[in-house]
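So the structure is just underneath, and the comments pick up after that.
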Amino acid sequence: MRNAIIALILLALFAALFWLPSYAPYFYIFVATEILLMGLFAASFNLIFGYTGMLSFGHAAFFGIGGYTAALLLLHFQLPLFWVLLLSMLAGMLLAAVIGFFCVRLDEVYFAMLTLAFGMMTYAVVHQWRSLTNGSDGVAGFALREFGLGLDLQLADPAVYYQMVLVIVVLASLALYLITRSPFGLLLRAISENAERVAFCGINVRRYRLLSFIIAGTFAGLAGGLFAPFNRVANPDMVHWTESAQPVLMTILGGAGYFLGPYFGAAVFVLLETWITTYTEQWMLFLGVILAIMVIFFRRGILGTILDWLLRRQ
Amino acid sequence: MESFLAALLNGLEIGLLLFVIAVGLNIIFGVLGVINFAHGGLYMLGAYLTYTLVSRGGLPFWPALLLAPLAVAILAIVLERLVLRHVYGRHVTDSLLLTFALLLIIDDAVRMIWGSGIQVVTPPPGLRGATSALGFSYPVYSFFVMGVAIAVMAALWLFFTRTRAGRVIRAAAIDRDMAQTIGINVPLVITGVFALGAWMAALAGVVAAPMRAINPGMGDRIIIDSFIVVVIGGLGSFPGTLAGALVLGMIYAFGGRFLPELNLVLPYIGMALVLLLRPQGLMGRRTG
């Protein structure tokens, strides 16, 4: 019964979001696209953080490499977007495999330090390798042609691009959700609760952590691959550590304990950003203050706090 | 030969300065169990305060060497008492998140107060120019940096082995509950250690101010370097921190001179090698 209600609500939400362009002003289509992409980015981060219990400060590396892969493929090879996105995911996956291989070898404290360090390394390489990445200007000037798979989509129209993003993000999120509900996902959760005990059961904890890291990197690559055409540029900002701070904050804002927490947090984050940056440029300062307050007082996030409160009233 | 010697000195200078910063990070981790992501920000604050006192305020360099680290240490006491204290006893990710939040706040506050441009501090009179004492020309100020770092190292060693306060801190690092039981005021020790680490980071910032470009990105770079140092050397080990700092200093100095196109990734390659061959660090203990 409860599941049916939740499914119905989500279906209604999907319908309302899909036809958003027919009743909302243009500006909100851009905001909604950004929320969806950031939501997927944050949800992929939460597979490592909320489900596996490892705090990564370098997740933008995979988002960024997905974005650069998409921009470069569109610029030089004019591939259909579908294949571009697949290759963006592959790029995120490969980079996560390499970085993850080193980062999962020690405990959480080392993991946090190493992910930040390797994230900064990726940024430095992207920033300095001018012949490929065009340095601080980034890769721009590419055109969106066709989606592929025989679908006739006018991708240059932001409304169409938004609807395509919505469908892809929903499908990807469904895949992520199924992963978290699978025996594999349950094992990740067991690792986050007590890695030592899981190891005693004869499970190779390191391998599962690495797999979780690689899956997260793959979906972050997809989010980045969709973000670069939306933003019309792939630039070093996408790889910078402040970009890595965003999924952390979105997840904490929404609540790491719920699958939909990061999406909810992304919505709050993007709306706050749109609002605060009209007043001040010191957006990161606000982020830091909000993050500190959430961690100290509302560790379960906005969604988690609300749900706790509702459940207690029942 | 001369270029080899110059690179060696350069590596020593970078490494010793890094040691002063990374050892503070390490001491804080040892007692609080917290990796302070904002540690680079405290270093940066030391440098910016020097700029304000010396280049803006017209003060000589020497009072700034005392005042700036003191101010940062006081700030650290406030941060520890008001912010960090809330998450002791919680899972380690909470303290990581909290110091990461402090990193965001300090970075943007610096941008707001001092702007995004590069600021300059000139070395104090007597330490300007170069000397040829070793047969080739080398900046006088670099020798001063090495001297300060070695003095800090010696003072730390004496403090932790010869004084009561040093032994109390070591006791609190080994077993917090037992230390509390035998009457050590552990919360006070924690505050003191956090302030000491911050003081050292800021001191390094003051000393670095006249020879490095002061900009809002300097804290990020130094925290990554400090992480590489503790990964190479091993968390919880003083000799390890020194070894890690010197290794990284040499990588920068010799890499910059002989392999400039790889200089950017060489530190990470070094770190990756240590992780593969000796994951607990050159001199670290196994942490699990």
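Quick notes
- Residue satisfying all of: in the range B:76-94; touching a helix residue (DSSP H, G or I) at 6+ places or on another chain (Cβ under 7 Å) and more than 8 Å from chain A (Cβ to nearest Cβ); surrounded by the most Cβ atoms within 10 Å (Cβ to Cβ) among these: B:76
- Of all residues in the range A:103-136, those satisfying the criterion of being of a type in the set (A, V, I, L, M) and at the interface with chain B (Cβ under 10 Å from one of its Cβ atoms) are A:106, A:109, A:112, A:113, A:114, A:116, A:117, A:120, A:121, A:124, A:125.
- When each of B:64, B:7, B:71, B:47 is tested for being over 20 Å from residue B:211 (Cβ atoms) and either of a type in the set (S, T, N, Q) or assigned to a helix (DSSP H, G or I) (or both), the lone residue that passes is B:71.
- Checking each residue of the range A:193-201 against the condition of being crowded, with 17+ Cβ neighbours inside 10 Å and in contact (Cβ under 8 Å) with a residue 24 or more places away in the chain gives at least one match.
- The requirement of being in contact with a helix residue (DSSP H, G or I) (Cβ under 9 Å, 6 or more places away or on another chain), within 12 Å of chain B (Cβ to nearest Cβ) and in contact (Cβ under 8 Å) with a residue 60 or more places away in the chain is not satisfied by residue A:289.
- Which numbered condition residue A:306 misses (of (1) surrounded by fewer than 22 Cβ atoms within 10 Å (Cβ to Cβ); (2) within 14 Å of chain B (Cβ to nearest Cβ)): (2)
- Residue, farthest from the other protein chains (Cβ to nearest Cβ), within the range A:267-282, restricted to residues that are over 20 Å from the mean Cα position of the chain (by Cα) and in a helix (DSSP H, G or I): A:275
- Qualifying residue in the range B:252-266 (condition: among the small types (Gly, Ala, Ser) and at the interface with chain A (Cβ under 9 Å from one of its Cβ atoms)): no
- Matching residues, the range B:50-61, being of a type in the set (A, V, I, L, M, F, W, C) and part of a helix (DSSP H, G or I): B:53, B:54, B:61
- Helices (runs of 4 or more DSSP H) contained entirely in the range B:95-198, each with at least 3 residues that are more than 21 Å from the chain's Cα centre (by Cα), loosely packed, with under 14 Cβ neighbours inside 10 Å and away from every other protein chain (no Cβ under 14 Å): B:164-174, B:176-181
- Helices (runs of 4 or more DSSP H) wholly inside the range B:211-283 containing at least 1 residues that are of a type in the set (Asp, Glu) and closer than 16 Å to residue A:122 by Cα: B:218-233
- Subset of the range A:25-79 that is of a type in the set (Ser, Thr, Tyr) and in a helix (DSSP H, G or I) - its residue that is nearest to the other protein chains (Cβ to nearest Cβ): A:51
- If only residues of the range B:205-235 that are within 11 Å of chain A (Cβ to nearest Cβ) and surrounded by fewer than 20 Cβ atoms within 10 Å (Cβ to Cβ) are counted, the one that is farthest from residue B:155 (Cα to Cα) is B:217.
- The set of residues in the range A:180-220 being among the aromatic types (Phe, Trp, Tyr) and in contact with a Cys (Cβ under 9 Å, 6 or more places away or on another chain) consists of A:213 alone.
- Of the criteria (1) within 14 Å of chain A (Cβ to nearest Cβ); (2) β-branched (Val, Ile, Thr); (3) touching a residue at least 24 places away in the same chain (Cβ under 8 Å), which one residue B:72 fails: (1)
- All of (1) at negative phi; (2) away from every other protein chain (no Cβ under 13 Å); (3) of a type outside the set (Lys, Arg) hold for residue A:100 with one exception: (2).
- Residue A:124 assigned to a helix (DSSP H, G or I) and under 20 Å from the mean Cα position of the chain (by Cα): no
- Complete set of residues in the range B:236-288 that are surrounded by fewer than 19 Cβ atoms within 10 Å (Cβ to Cβ), at positive phi and in contact with a Ser or Thr (Cβ under 8 Å, 6 or more places away or on another chain): none
- Of all residue pairs spaced 6 or more apart or on separate chains, those with beta-carbon atoms under 8 Å, a first member in the range A:35-57 that is closer than 18 Å to residue B:95 by Cα and touching a residue at least 40 places away in the same chain (Cβ under 8 Å) and a second member that is part of a loop (DSSP other than H, G, I, E, B) and β-branched (Val, Ile, Thr) are A:54/A:104.
- Checked against (1) away from chain A (no Cβ under 14 Å); (2) aliphatic (A, V, I, L, M); (3) closer than 18 Å to residue B:223 by Cβ, residue B:54 passes all but a single condition, namely (3).
All of the numbers you see were taken from the coordinates with simple rules; none came from a lab. In this text, all values refer to a predicted model and were calculated from it rather than measured experimentally. So basically every Cβ, Gly included, is an ideal-geometry build from the backbone, and we count neighbours across all protein chains shown.
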